[in-house]
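Here is the structure we will look at.
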Amino acid sequence: MDNTRVFRMAFASVYPHYITKAVKKGRTKEEVHAIIHWLTGYDEQTLQQQIDKKVDFETFFAVAPQINPNVSKITGLICGYRVEEIEDKLMQQIRYLDKLVDELARGKAVDKILRK
């Protein structure tokens with residue numbers, strides 16, 4: 001499968017959808033940010049810089065301060081694929097983020113989402 005199109009999508013174009021999905025289910029923008037911070041190591045300022053620069057997903061994950069070492073604990077299905085079995089590392093990171101936002105929208109406690 002050619003993932004180039006997904007990798008070139010601006011993170012800033014998908015980010016509002018993450019927020020909308022969470023807020024529609026009674027969650028908050030701050031909780032979405034907590035998930036992004038945990039996954040990528042971005043703080044509030046550096047996350048906003050990436051959004052303002054409209055970086056693509058490839059750049060967003062490539063320059064992330066530190067991908068959380070506990071990402072291997074993220075398992076399950078997202079878009080019909082098991083996240084732990086996705087071979088392309090970048091696609092796996094994108095799907096990790098999708099999975100975490102899905103868990104938030106489904107009402108899972110943030111501590112459990114962050115694999116604490």
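Points worth noting:
- Among (1) within 15 Å of Asp98 (Cβ to Cβ); (2) of a type in the set (A, V, I, L, M, F, W, C); (3) surrounded by 13 or more Cβ atoms within 10 Å (Cβ to Cβ); (4) more than 12 Å from the chain's Cα centre (by Cα), the one test that Cys79 misses: (3)
- Residues in the range 83-104 that are assigned to a helix (DSSP H, G or I), of a type in the set (A, V, I, L, M) and out of contact with any strand residue (DSSP E or B) (no Cβ under 8 Å at 6 or more places or on another chain) were compared, and the one that is surrounded by the most Cβ atoms within 10 Å (Cβ to Cβ) is Leu100.
- No other residue among Val32, Val23 is among the hydrophobic types (A, V, I, L, M, F, W, C) and farther than 18 Å from Tyr96 by Cα apart from Val23.
- First in the range 48-66 and among the polar types (S, T, N, Q), second anywhere and not in a helix (DSSP H, G or I), Cβ under 8 Å, 6 or more apart: Gln50/Tyr42; Gln50/Val63; Gln66/Gly41
Any read-out appearing in this document is the output of simple, stated calculations on the displayed coordinates, not a laboratory observation. Owing to the predicted nature of the structure, the values given are computational and were not obtained by experimental measurement. Here Cβ is always computed from backbone atoms with ideal geometry, including for glycine, and neighbour counts include all displayed protein chains.
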